[in-house]
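This report refers to the structure that appears directly beneath it.
None of the figures in this text is laboratory data; all of them are computed from the coordinates on show. These numbers come from a predicted model, not from an experiment.
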Amino acid sequence: VLTERFQRDVSASRNVLHNNVAGLIGACMLAGSVSIVYEWVPYSCLREALDQNTLSVNARLKVARELARALEWLHHGASPSVPHLD
């Protein structure tokens, strides 16, 4: 079951091209271990910036808007759509 879901998710992710979504480079499953490699995105330490409280309120609002746009596109704009299940 995990193998089928993994293959389905990787297949769907392979076709995602959006400014706010890191592109998938490759993936493999070996001996029950899963590895997924995404493209490197400069200045992508959002979690660190949020944890350290270094973003202004306006910057946090911009991040929230951009994330919402990316999720909306994944669910409704991508072809085929990519539902977020977990």
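I'd like the orientation of helix 2-14 relative to the chain: the angle between its Cα long axis and the longest Cα principal axis, in ° from 0 to 90, rounded to 10.
Value to nearest ten degrees: 50.
Between rounded, prolate and oblate, where does segment 18-80 land on the alpha carbon gyration tensor, with a ≥ b ≥ c its root eigenvalues, rounded for a/c under 1.5, else prolate if a/b exceeds b/c?
oblate
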